[in-house]
Amino acid sequence: MQSVLTDKGKQQAKLAGKALVNLEIDVAYASPLVRAQHTAQIILAENFQAPTLNITEGLLEIDLSEWESMIAKDVQEQFPEKYHLWHNEPDKFQLGDRSPIVELFEQAKAFWAEILPKHQDKTILLVGHSGINRALICSALGIPIRLYHNIQQGNCAISVLNFQGSSIADGVQIESLNLVSHLVDITDTPLPPLRKNHHGARLLLVRHGETEWNRQKRFQGQIDVPLNNNGHAQARRASEFLAKIKIDKAFSSPMLRPKDTALEILSKHPNIKIELFDELKEISHGLWEGKFEHEIEAEFAGQLALWQSQPQTIQMPEGENLQQVWDRVAIVWQKIVESVPAGETALVVAHDAVNKAILCLLFDFTPEQFWIFKQGNGGVSVIDYPQGADGKPILQSCNITTHLSEGILDRTAAGAL
C-alpha cells in the first residue's frame, strides 16, 4: 500500500532539509515508495546545489504484505507466535515461506555493493524507511540480524556513516545514529521519544569535553588532564541541550575531564549527586601517555599503525589492552544499569575508549570492532532498556553533537584518547 506524507511528515522533511543545507550532497537515492520520494524531494529542495534524485528498489521497505494495513495490536493478537519472533528473534521470523528480515539484510548488502564502488569520496544522501535503514546500518557495521531491533530509525532522523573504501569490508565507522534534534520544533525534545512498551531505564552516555591534549592529539589516557576553555564551553552546551530532560541519577569516571563535564550538565538538575566509578576511567596507555603520535612511532615503531588497524592486538606498554577495558567496563555498566529504577533516566559521563567499549558491548562486539563507533567531545548517546536491565538494550541515538556546532556532522577534536 502506498502511504503518503502527512502535513507533519512534510514539516519533518523540510526540517531535515534545513539541517542538511550546509552539506554538499553529491548523489541522492530514494526508495520508489511515494513517502520516501516525497521526503527526498523536500530535503533536496532546501539544497541550492541538489543533485538529481535516483530512484532505486534497493531502498524499498521490508515486505510484510501479509500484515499490511493491520495495527500492531491486531497482529499481536492474531499472530502471537510470529509477532514474538518478529520482536525477539528476527533472524527466525517467517511469513509463509519467506524470511522478511533475512531478505532485507541481503537487499541492504546488495545495495552497498552496488553504490559504494560508484561513489567513492562522495557524500551520498539515502532516503528510505525504518526497516531498510536499520538493515543498511546493521549490515554495514556487522550487527547481526538477531539484533536488528537494537537500533532505531525515527521519521526524518539522520544517521551518518563513513566508509573507508569501495566496500563495507574496507571498514565503516558510524559517526552518528538517529539524530532528531533538528525536529525539536515538532517534538519538543531533542532526543528520541521513549517507546510505548518501555518499562526500564534510559541512560545518557556522554563523552567529556575537549582537553588541550585532545586538541594537540597527545595521548592522555589516565593522566588527569582538565578541560580546556572549549571543553568547558562544550560541557555548557551539553548542559543546555539536556536541560529539559529529567535526569534522576548520575555516574562518572573520577577523572577531572568527565567529572567537570558531569557537574556542568547537572547544574541544570539540582540535588542530583554523582557516583564515581574507577572502572569508568580512560584506558591506560602506559608509556604512550603524554606523547604525540610521532614520538610513539619513534619509540615503538609500527605499534601505532597496528593500534589504528588491529586495536585488539595492542598491549599498551605498562598499560592496558582493550580486552582489559572491555572486562572492567562490562561489569560496571551492568552494575549501573541495574541500579537505575524503571522509568528513570541516568547520566553517565566517561571517556572515548570507555564509551566505545560500552557501545560495542551492546552489540556483542569484541575489541576488534573498537573503531566502529565515533565519540565526539561532549557528544551524547541514548541507550534504552525497555524490558529492564536483563532485556535487550536499544541504541536510540549515538554521538549527538548538533548542540556543539552548526550542522549535522561531528566537528569536535579528532585527537588521541
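The values are calculated or read from the model by the stated rules, or taken from the named source; none is laboratory data. Just so it is clear, the model here is predicted, and its values are computed rather than measured. In this analysis, Cβ positions are derived from the backbone assuming ideal geometry, glycine residues included, and neighbour counts consider all displayed protein chains.
Tell me, yes or no, whether region 271-279 has at least one residue that is out of contact with any Ser or Thr (no Cβ under 7 Å at 6 or more places or on another chain), farther than 30 Å from G343 by Cβ and in contact (Cβ under 8 Å) with a residue 40 or more places away in the chain. Within region 271-279, not a single residue is out of contact with any Ser or Thr (no Cβ under 7 Å at 6 or more places or on another chain), farther than 30 Å from G343 by Cβ and in contact (Cβ under 8 Å) with a residue 40 or more places away in the chain. Number of residues in region 220-237 that are within 22 Å of E175 (Cβ to Cβ) and buried (at least 20 other Cβ atoms within 10 Å of the Cβ): the value is 3.
Listed here are the residues, each with its yes/no results for (1) in a strand (DSSP E or B); (2) among the acidic types (D, E); (3) touching a Leu at 6+ places or on another chain (Cβ under 6 Å).
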{"residue": "W307", "(1), (2), (3)": "no, no, no"}
{"residue": "G319", "(1), (2), (3)": "no, no, no"}
{"residue": "W326", "(1), (2), (3)": "no, no, no"}
{"residue": "A330", "(1), (2), (3)": "no, no, yes"}
{"residue": "Q334", "(1), (2), (3)": "no, no, no"}
{"residue": "A346", "(1), (2), (3)": "yes, no, yes"}
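Screening region 118-161 for residues that are hydroxyl-bearing (S, T, Y) and in contact with a helix residue (DSSP H, G or I) (Cβ under 9 Å, 6 or more places away or on another chain) and picking the one that is farthest from T366 (Cα to Cα) gives S159. For L191, the criteria (1) under 20 Å from I394 (Cα atoms); (2) in contact with a helix residue (DSSP H, G or I) (Cβ under 7 Å, 6 or more places away or on another chain); (3) hydrophobic (A, V, I, L, M, F, W, C) hold in every case but one, which is (2). Restricting to region 183-208, name every residue that is without any contact (Cβ under 8 Å) to a residue 60 or more places away in the chain and within 17 Å of the chain's Cα centre (by Cα). Selection gives P193 alone.
Grab the helices (runs of 4 or more DSSP H) fully contained in region 72-174, keeping just those with 2 or more residues being assigned by TED's automatic domain parsing to the domain that holds Q12, under 21 Å from V382 (Cα atoms) and small (G, A, S).
Values: elements: 72-78, 80-88, 100-115, 130-141.
It comes to 130-141.
Taken residue by residue, region 24-34 has at least one member that is within 28 Å of G407 (Cα to Cα), surrounded by fewer than 14 Cβ atoms within 10 Å (Cβ to Cβ) and of a type in the set (V, I, T). Comparison of V337, V349 shows that the only residue that is under 24 Å from T211 (Cβ atoms), in contact (Cβ under 8 Å) with a residue 40 or more places away in the chain and outside the structural domain of N162 (by TED's automatic domain parsing) is V349.
Reported count of residues in region 1-27, each being more than 23 Å from R411 (Cα to Cα) and touching a residue at least 24 places away in the same chain (Cβ under 8 Å), is 12.
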